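All remarks here apply to the structure that follows.
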Amino acid sequence: MKNAGLYAVFFLGCSVWIAPRAHAQGFPPAEAAGKMTVADGLAVRLFAAEPLVQQPVAIEFDDRGRLWVIQYMQYPNPAGLKRVSVDRYSRTAYDKIPEPPPQGPKGSDRITILEDSDGDGQADRSHDFVSGLNLASGLAFGHGGVFVLQSPYLLFYPDRDRNDQPDGDPEVLLTGFGMEDAHSVANSLTWGPDGWLYGCQGSTVTAKIRGIEFQQGVWRYHPPSRRFELFCEGGGNMWGLDFDRNGNLFTSTNYGGFITLHGVQGGYYWKLFGKHGPLHNPYTYGYFDHVPHQGIQGGHVSNGGLFYEANTFPAEWRGRYISNDLLDHSIHWSEIRPQGSTFRGRQGGDVLRANDTWFAPSDLTLGPDGALYVADWHDKRTAHPDPDADWDRSNGRIYRIAPPEAKPAKVPDLAARTNADLIALRSDPNIWYRRRARRLLSERQTKDGLDPLRDEAGTGRGSVALEALWILHGCQAIEPGLAERLLEHPDAEIRTWMVRLLGDEPQVAPNLTAKLVALAANEPSVLVRAQLACTAQRLPASAGLDVAERLLLRDLDQDRDDPYVPLLLWWAVERHAITAVDSMVARFSTPEAWRSALIRTQIEGRLIRRLASEGNAACDVACVKLLNAAPSEEARRALAADLEESTRGRPAKAIAPILIATAIALADANPADVPLNRLAFRLGSRTAVDRVRAIVADRQGADATRVLLIDVLGETGDRTSTGLLLGLATEDNSPPVRVAALKALGRFEDESIAKALIDAYPRQNDDWRSRTRELLLGRPSWARAYLAAIDHGQLSAKEVTIEQIGRVALLQDPGLDDLVRKHWGSVKGATPGEKLAEVRRLNNDLRAAVGDPKRGTQLFKERCASCHRLFDQGTAIGPDLTFANRRDRDFLLVSLVDPSGVVRKEYQSYIAQTRDGRVLTGLIVEQTPDAITLRDAKGEPTRIPRDEVEALKESTASLMPESLYKELSPSQIRDLFSYLQGDGPAPK
């Protein structure tokens with residue numbers, strides 16, 4: 001979708017300034033295709049354009065070969081609803097949940113059928129299947145009608161007489177999809193090989209469906225049984241979903257440096273954790289990231305991705321992954337190659353480059369003619385400026401990409417074909433036919449003529465066997481005997497799918513369960529072992545743990561090194577950890593278990609964390625059993641380190657006495673062990689308290705050890721340690737120790753701390769003073785003391801930055817505000833007009849001469865790399881500039897002059913107010929059930945227990961200071977821009 005996280009429209013206060021373009025864009029339909037550049041051997045032709053189609057957001061061919069399009073005319077606001085609140089990213093709360101159509105508010109969206117009646121390759125007829133929809137975002141055909149996504153609903157419009165008009169009102173199949181943001185709603189309805197209907201949901205909406213809540217993920221619905229599942233959670237703002245030739249699921253992404261995610265059953269994936277909260281299972285203890293991708297050029301928004309599986313394009317295109325690049329106004333292709341149980345990618349080049357900044361590809365689909373069809377939203381904007389903007393809804397195009405000689409195909413009505421005809425299509429080179437034949441046979445529940453498919457599934461190889469398996473499954477024609485044989489098939493893909501299909505059943509027969517357990521003990525393929533781990537989550541506890549345990553005890557190098565398998569195995573164990581505690585402990589306390597490196601490194605530590613996090617006596621006793629079963633003191637200490645992590649924020653009085661005694665005894669036996677000392681300190685051991693203080697006070701000790709133990713002094717709020725911390729903060733020789741002590745002091749409401757820091761202030765270095773200002777200005781009483789010192793002439797006001805003094809307003813204290821006005825006057829930022837003038841002035845400076853990228857590289861390291869990455873250098877606190885719109889000088893200038901004007905959602909800073917009066921700001925980098933962690937502009941994390949948070953709200957200010965560029969001379973800005981806008985690191 002077009003939001004996709006990086007704005008080309010920039011806010012300057014209340015005004016909107018659109019960066020000017022150097023050349024004409026937005027070509028008329030008759031000219032646009034002629035301006036495009038396509039890959040060798042391909043040609044592009046206009047299939048449909050305005051006024052026949054406008055704002056196309058989803059396209060799909062029906063069983064008669066006609067192209068259907070959703071015209072997203074209602075975007076970006078649903079009709080008939082009143083906004084209760086809206087934030088700066090257009091996430092909106094409405095006054096009610098609308099009723100489904102036709103009872104609910106009538107919107108402007110429509111689903112239109114486009115026909116090429118004369119076979120010339122261009123649509124010449126159109127007919128609305130349904131109109132009056134209200135933010136409709138996906139469609140799929142099947143079961144005698146059309147499935148339609150219109151959040152919060154999944155609807156089914158019956159059309160059993162196939163007259164292209166609904167037989168009646170739609171049936172509501174699901175309700176609860178999020179609707180807060182029209183850019184992230186549920187989308188991409190796609191039939192899976194297993195007969196389930198799959199879809200995505202993006203980043204800034206929350207679904208609550210049948211008791212399942214999620215913000216981001218892939219979900220699925222099974223029409224015959226009406227089952228709903230969250231297939232995998234996380235993934236960002238996904239818009240686009242497809243399956244490769246072996247049935248692996250891939251989604252598109254809007255995150256820079258990546259193209260796609262490989263989704264597996266029961267998997268947990270990367271999210272914008274700071275912005276959108278944690279995964280709903282707080283015990284995943286890890287997650288999967290995007291498919292690693294090399295050679296990416298262009299923008300950071302990939303959508304509508306699909307695998308080309310047809311024979312119309314030249315042979316080398318088979319299996320290539322093709323995806324839109326919204327911000328680059330292009331379409332790219334990539335090679336996707338196996339990497340263990342998952343994949344890696346490499347971008348190969350362009351399929352199409354529009355050479356038109358209005359080209360906004362919103363969807364791709366494969367046609368029955370083997371051509372590629374692309375929907376072009378076609379607009380001068382590539383983002384939503386605000387929900388009330390005057391939106392141009394008059395444009396929209398659909399293009400056909402194919403070799404010049406490839407003609408549009410006349411498609412037979414597949415729904416009218418016999419079962420034998422459909423079965424014959426299982427080997428068609430165009431996957432479009434295979435997928436529709438598979439679905440139609442499933443809907444008919446065909447039983448005749450399937451014997452050849454049983455033979456092909458059992459003895460065939462490759463896609464022939466897979467297609468046979470999928471058809472048999474859809475027709476419910478896989479008998480137990482055949483299932484057993486398929487679990488022994490020579491193709492790993494067949495075995496993988498048979499394992500998965502068995503796990504999808506509500507119950508698995510005992511003999512097949514035993515077969516799965518046996519397979520886990522002997523399976524040679526990592527693909528099958530990965531699916532066994534996924535399926536183990538879905539089986540009853542005993543069977544699921546049997547499968548997981550056998551995989552873990554094998555301890556294969558390939559599984560240990562695989563990108564997915566270790567976490568999949570943990571998630572299988574975690575699913576049953578609490579319901580089968582005794583069995584769990586018995587399985588993983590044996591000498592055999594401890595000999596497995598997979599269990600030692602991936603399971604034992606996570607398991608003790610999970611048990612301790614449950615917070616009950618039975619699980620605490622289980623933790624003691626795991627500790628006692630460890631085969632060595634080293635192994636026991638490693639387990640205790642994980643236990644220490646899980647007890648943060650848990651009161652000692654809520655922990656079973658036997659676990660407290662065991663942990664303290666272990667710490668006393670290992671007095672140099674840092675995690676054990678932290679744990680024993682937290683549990684109230686007087687000996688540990690004295691030991692920790694002694695280690696912290698020892699200036700000859702290792703900085704890393706002292707910093708970790710200083711942290712626990714602050715975390716526990718040990719007031720008797722404030723004198724020690726003050727001494728460390730003001731007098732220690734180690735900068736990391738001084739910084740850690742300052743952070744720890746922030747936990748204490750004690751005016752004597754502020755006085756001591758102010759007294760020490762004049763003799764400290766610039767970095768210390770900056771950090772101390774941040775600390776003192778975060779509490780009303782401390783800010784009062786600091787500002788009073790300035791007022792009395794004890795300290796200077798000149799070194800306080802506008803950003804720092806602006807924090808005083810957050811304390812909402814009139815007396816402090818008066819002191820600010822006295823010494824700094826108005827601290828309001830520049831007006832929109834002043835900022836625009838600055839952009840123009842800097843533009844003139846940049847035109848005056850060419851900068852030196854070598855000097856610019858050094859400036860980036862000094863001024864920017866503490867928060868940004870570029871060409872694999874720097875720190876990822878703010879956006880990775882490698883994939884930003886760096887070629888656009890105006891974009892960079894506006895970002896520099898007005899960094900708070902356009903803050904991407906994932907880099908939104910927050911203001912946390914604690915119950916003891918502190919105010920802290922920063923990016924949310926972690927959220928757990930117990931705590932929130934903020935990272936400030938210097939990269940320092942601060943963990944705040946949730947029970948101490950009084951309020952948490954978005955900040956209107958970026959962490960990046962507005963005045964940063966003012967410290968640079970015109971020649972330095974030219975040098976910096978020469979590097980920022982370059983193609984790679986400057987030569988040394």
Next on the checklist: Can you name every one of the helices (runs of 4 or more DSSP H) wholly within region 743-811 that holds 2 or more residues which are more than 41 Å from the chain's Cα centre (by Cα) and in contact (Cβ under 8 Å) with a residue 24 or more places away in the chain?
Outcome noted: 751-760, 780-791
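Table: residues versus (1) surrounded by fewer than 22 Cβ atoms within 10 Å (Cβ to Cβ); (2) on the phi > 0 side of the Ramachandran plot.
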position: Asn246; (1), (2): yes, no
position: Thr253; (1), (2): no, no
position: Gly257; (1), (2): yes, yes
position: Thr260; (1), (2): no, no
position: Gly267; (1), (2): no, no
position: Pro278; (1), (2): yes, no
position: Tyr285; (1), (2): yes, yes
position: Phe288; (1), (2): no, no
Next on the checklist: Please determine whether any residue of region 133-146 is among the polar types (S, T, N, Q) and under 21 Å from Asn254 (Cα atoms).
Outcome noted: yes
Checklist entry - Can we say Gln74 is at positive phi and surrounded by 22 or more Cβ atoms within 10 Å (Cβ to Cβ)? => result no
Checklist entry - So is Glu456 over 29 Å from Val585 (Cβ atoms), surrounded by fewer than 22 Cβ atoms within 10 Å (Cβ to Cβ), assigned by TED's automatic domain parsing to the domain that holds Ile423 and touching a strand residue (DSSP E or B) at 6+ places or on another chain (Cβ under 8 Å) or not? => result no
Checklist entry - Restricting attention to region 815-855, and to residues there that are small (Gly, Ala, Ser) and modelled with pLDDT of 80 or more, which single residue is nearest to Leu777 (Cα to Cα)? => result Gly815
Checklist outcome for this item: Here the residues within region 194-215 that are small (Gly, Ala, Ser), modelled with pLDDT of 95 or more and under 25 Å from Gly247 (Cα atoms) are Gly195, Gly199
Checklist entry - Looking at Pro540, Pro490, which one is more than 35 Å from the chain's Cα centre (by Cα) and modelled with pLDDT of 95 or more? => result Pro490
Checklist outcome for this item: In region 329-347, anything closer than 15 Å to Leu306 by Cα and in contact with a Phe, Trp or Tyr (Cβ under 6 Å, 6 or more places away or on another chain) is listed as Ser334, Ile336
Checklist outcome for this item: Selection over region 579-611 where residues are in contact with an Asp or Glu (Cβ under 6 Å, 6 or more places away or on another chain) and within 13 Å of Leu545 (Cα to Cα) yields a count of 1
Next on the checklist: When you scan region 482-501, do you find a residue that is without any contact (Cβ under 8 Å) to a residue 24 or more places away in the chain and either farther than 24 Å from Trp191 by Cα or among the β-branched types (Val, Ile, Thr) (or both), even just one?
Outcome noted: yes
Checklist outcome for this item: Note on region 713-771: residues over 24 Å from Gly649 (Cβ atoms), among the basic types (Lys, Arg) and crowded, with 16+ Cβ neighbours inside 10 Å are Arg738, Arg769, Arg771
Checklist outcome for this item: Of the residues in region 173-214, those that are part of a loop (DSSP other than H, G, I, E, B), in contact with a strand residue (DSSP E or B) (Cβ under 8 Å, 6 or more places away or on another chain), of a type in the set (S, T, N, Q) and buried (at least 24 other Cβ atoms within 10 Å of the Cβ) come to Ser184
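Every residue, every condition in (1) of a type in the set (A, V, I, L, M, F, W, C); (2) at pLDDT 95 or above, yes or no:
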site	(1), (2)
Gly267	no, yes
Lys271	no, no
Gly305	no, yes
Leu327	yes, no
Gln339	no, yes
Gly348	no, yes
Checklist entry - Among (1) under 27 Å from Arg946 (Cα atoms); (2) modelled with pLDDT of 90 or more, which single condition is Tyr786 missing? => result (1)
Checklist outcome for this item: Within region 689-710, restricting to residues that are touching an Asp or Glu at 6+ places or on another chain (Cβ under 8 Å) and at pLDDT below 95, the one that is surrounded by the most Cβ atoms within 10 Å (Cβ to Cβ) is Val689
Checklist entry - Any idea which of (1) of a type in the set (D, E, K, R); (2) surrounded by 20 or more Cβ atoms within 10 Å (Cβ to Cβ); (3) outside any helix (DSSP H, G or I) is the one Asp620 doesn't satisfy? => result (3)
Next on the checklist: Anything in region 637-649 that is free of Cβ contacts under 8 Å to residues at least 60 places away in the same chain and either of a type outside the set (D, E, K, R) or in a loop (DSSP other than H, G, I, E, B) (or both)? List them, or say none.
Outcome noted: Ala638, Leu639, Ala640, Ala641, Leu643, Ser646, Thr647
Next on the checklist: Condition first: part of a strand (DSSP E or B), touching a residue at least 40 places away in the same chain (Cβ under 8 Å) and assigned by TED's automatic domain parsing to the domain that holds Gly396. Can you find one or more residues in region 94-106 that meet it?
Outcome noted: yes
Checklist entry - Any residue in region 554-563 that is part of a loop (DSSP other than H, G, I, E, B) and touching a Phe, Trp or Tyr at 6+ places or on another chain (Cβ under 8 Å)? => result yes
Checklist entry - From the set of residues in region 588-608 that are among the charged types (D, E, K, R) and surrounded by fewer than 21 Cβ atoms within 10 Å (Cβ to Cβ), which is nearest to Ala663 (Cα to Cα)? => result Arg600
Checklist entry - Looking at (1) acidic (Asp, Glu); (2) over 21 Å from Gly340 (Cα atoms); (3) surrounded by fewer than 20 Cβ atoms within 10 Å (Cβ to Cβ), which is the only condition Glu467 fails? => result (3)
Next on the checklist: Just to verify a result, which residue in region 215-241, among those that are under 18 Å from the mean Cα position of the chain (by Cα) and part of a strand (DSSP E or B), is surrounded by the most Cβ atoms within 10 Å (Cβ to Cβ)?
Outcome noted: Val218
Checklist entry - Are any of the residues in region 870-892 surrounded by fewer than 17 Cβ atoms within 10 Å (Cβ to Cβ), farther than 20 Å from Tyr979 by Cα and modelled with pLDDT of 65 or more? => result no
Next on the checklist: Any residue that is within 21 Å of Ile664 (Cβ to Cβ) and not assigned by TED's automatic domain parsing to the domain that holds Ala638 - is there at least one of those in region 724-743?
Outcome noted: no
Checklist entry - Do the conditions hold for Gly267, that is, is it small (Gly, Ala, Ser), in contact with an Asp or Glu (Cβ under 8 Å, 6 or more places away or on another chain) and more than 30 Å from Thr357 (Cα to Cα)? => result yes
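The values are calculated or read from the model by the stated rules, or taken from the named source; none is laboratory data. Owing to the predicted nature of the structure, the values given are computational and were not obtained by experimental measurement. Cβ sites come from the backbone with ideal geometry, for glycine too, and all protein chains shown count toward neighbours.
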